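Heads up: the structure comes next, in structure tokens.
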Amino acid sequence: MLGQWLDWTLDGERPSPRIGRFPSGTYHLHGPGVLELTPNILRPEARACVFSAAIHGNETAPVELLGDWLSALAACRTFRCTVRY
């Protein structure tokens, strides 16, 4: 489901079911473009995160990165990115 979420969002589709499981947690599709992920195990060092991406003109890289991250999460693969402040 997570691997297709981005395509469904861009196509304006609302998949069913809107609540389900993936290997390391659960998902809840609240509405178009709004997806909540909750881990099975919440560690003390865990932090809440909000990811937001949009398409501006022909620039799709942020949305594609988010889609790749969701696909990796669903497949239990590590997806690393470096955050620079």
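No lab work stands behind these numbers, since they all come straight from the coordinates. In this text the structure is predicted, and so the values were computed from the model without any measurement. Here the Cβ is made from the backbone with ideal geometry for all residues, glycine too, and neighbour counts use every protein chain on show.
In a DSSP loop and with at most 15 other Cβ atoms within 10 Å, the chymotrypsin sites (Phe, Trp or Tyr not before Pro) in the stretch 8-64 are PHE51.
After finding the eigenvalues of the alpha carbon gyration tensor for the chain, what semi-axes result from the square roots of 5 times each, listed largest first in whole Å? Display every interim value, and only then the final one.
On the way: eigenvalues 84, 68, 26 Å².
Equivalent-ellipsoid dimensions as semi-axes: 21, 18, 12 Å.
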